[in-house]
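Step one of this worksheet: look at the structure below.
What follows draws every value from the coordinates through simple rules; no lab data is involved. This structure is a prediction, so every number in the text was calculated from the model and none was measured. FYI the Cβ positions are ideal-geometry reconstructions off the backbone, even for glycines, and counts take in every protein chain you see.
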Amino acid sequence: MKAEPKTLALAALAIVALALAAYFLAPAGGGPGPEKQTDYTQFIKDLTAANKTYIIMDLRGANATARSAIMQCGLDLASSVPLAPKNVSVMALESQGCLTESSNQTISYCEALSSNGAAFQITAGNGTVSYYPGRMVIALATYNASSPCSVNEVQN
């Protein structure tokens, strides 16, 4: 059965349209997409239930001050006492890829990996904190004593 050129052209156009829609509708900066926001209490429940915890330092597009704040926040989170018994992995996202504790990977690899547990995602931003299922997003412009970069509780 031979496909008509018109049918092939329509199929190719449909594939291009889907690819463009995925590109333009994807969240900027690799952050959570259209997930429903939750709250701190739900995040702590998700964190407690997770077998794996990720600290994601998203350095893409951050200026020097924000980069320093993001890295310090990641360090503080990693050393939070309630996370000590958890299986914690740290990764840094750069424009050219993702650096894990053991190797360089693609950003999509690290994003997929971090979806397999609870995650703290630290990005450049305006000082806000958002909660999504299994994910706390901390948007920092600078780092100071009031930055939300520690965990005080993990429920048993």
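Structure notes:
- Positive minus negative residues near I56 (Lys, Arg vs Asp, Glu; Cβ under 13 Å): -1
- Relative contact order (percent, whole number), region 32-140, Cα cutoff 8 Å, 6+ residue spacing: 37
- Full extension of the segment from T142 to K36, taken as 0.36 nm per residue of separation minus the current Cα-Cα distance, would add 35.5 nm.
- Peptides ranked, highest mean first, by Cβ atoms within 10 Å: ranges 65-72, 77-84, 117-124: 117-124, 65-72, 77-84
- Gyration tensor over alpha-carbon atoms, region 43-156, equivalent ellipsoid semi-axes in Å: 20, 18, 12
- Length released on extending from L75 to S115, taking residue separation times 0.36 nm less the Cα-Cα span: 12.3 nm
- Of the GluC sites (Glu not before Pro) found in region 58-138, those in coil by DSSP whose Cβ has at most 10 other Cβ atoms within 10 Å are E101.
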